[in-house]
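Visitor: Submitted below is the structure of interest, expressed as structure tokens.
Read-outs: derived from the displayed coordinates by stated rules, not from any lab. If you're wondering where the values come from, they're calculated on a predicted model, not measured in any experiment. Here the Cβ positions follow ideal geometry from the backbone for every residue, glycine too, while neighbour counts run over all protein chains shown.
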Amino acid sequence: YDGFVVLGDQVTWLDDMDGWSRAIAGVLKPGGQFYFADSHPIAHLFEDTPGGIELKYDYETPLTTPLTMDEEVTYTGSPERLRSVRTYEWKHSFGQVLNALIRAGMVIDFVHEHHDIPWIMFDTMVPADERGMFRLPEGAVRFPMAWSILGSNETSGPPRTKRQSRAR
């Protein structure tokens, strides 16, 4: 493919970042690009509680011990009851995701962090603007809510020298 897009809380369901990255690299043509946008690894450390947002999770989840969640309804807010209530999640750090992409031969063109997101991750979030984005309220400790990566297949274009690769 010429392009590959991954949006919105996908990697938390995956245990193998290297396999995921190899799959992306495997479907991209030489010169193909990928775009990734997801909840920020820092935001995944917190959970809503009646008293506000509290630090609850480790920064990384070991491969052999995923977080196990039993939820009657989906995170989308739908009242419909789920047939399968158990899910498994892994918290992946910046380094785990970026290094897996690099090991798969991808060149990282940019990494951005975002404070505004198009969904309400925590109950205390407030509208950020007229585009339907949300953010933590004024006065709250600020941390990035999402991040995005643009990258391309390493085999794109003429071979890069080490100096050119580092400059990207």
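Visitor: Please figure out what share of the DSSP beta bridges in the range 37-129 is antiparallel and state it in percent, rounded to the nearest 5.
Guide: 100 percent
Visitor: Next up: What is the local net charge at Trp119, summed over the other residues whose Cβ is closer than 15 Å to its Cβ (Lys, Arg +1; Asp, Glu -1)?
Guide: -4
Visitor: Just flag the trypsin sites (Lys or Arg not before Pro) in the range 1-104 sitting in loop per DSSP whose Cβ has no more than 15 other Cβ atoms within 10 Å.
Guide: Loop-located and lightly packed - Lys56, Arg83.
Visitor: Right, something else. Under a 5 Å amide H to amide H cut-off, with H placed in plane at 1.01 Å, what residues pair with Asp109 once short-range neighbours are removed?
Guide: When sequence neighbours closer than 5 places are left aside, the close amide H contacts are Leu150, Gly151, Ser152.
Visitor: Across all directions of projection, what mean area in square nanometres is found for the Cα convex hull of the range 68-130?
Guide: The orientation-averaged projected area of the Cα hull of the range 68-130 comes to 7.2 nm².
Visitor: Separate question: Convert each backbone phi in the range 24-29 into a coupling constant with the Karplus relation 6.51 cos²θ - 1.76 cosθ + 1.60 (shift: θ = phi - 60°), then list the ³J(HN,Hα) values in order as whole Hz, x for Gly and Pro.
Guide: Per-residue couplings from phi come out as 4, 4, x, 9, 8, 5 Hz.
Visitor: How big, on average over all directions, is the shadow cast by the Cα convex hull of the chain, in nm²?
Guide: 12.2 nm²
Visitor: Using each residue's phi in the range 109-115, evaluate 6.51 cos²θ - 1.76 cosθ + 1.60 at θ = phi - 60° and report the 3J(HN,Hα) Karplus result to the nearest Hz, with x for Gly and Pro.
Guide: 8, 7, 10, 10, 10, 10, 8
Visitor: Quick check: the distance between the Cα centres of the range 116-142 and the range 13-42, to the nearest angstrom?
Guide: 27 Å
Visitor: Another question about this same structure. Please name which of Gly139, Met106, Tyr35 has its Cα lying farthest along the dipole of the range 10-144 towards the positive end, using unit charges on Cβ (Lys, Arg +1; Asp, Glu -1) and the Cα centre as origin.
Guide: About the Cα centre, the residue reaching furthest to the positive side is Met106.
Visitor: Using r as the Cβ-Cβ distance of Asp123 and Lys29, and R0 as 41 Å, what FRET efficiency do you calculate, to the nearest 0.05?
Guide: 0.40
Visitor: Can you pull a Stokes-Einstein diffusion coefficient for the range 1-43 at 25 °C (0.890 mPa s), Rh from Kirkwood over Cα pairs, as a whole number of µm²/s?
Guide: Reported coefficient: 219 µm²/s.
Visitor: If each DSSP helix of 4+ residues adds -39,500 (n - 2.57) and the sum is divided by the residues in the chain, what number results at 222 nm, nearest 500 deg cm²/dmol?
Guide: About -4500 deg cm²/dmol.
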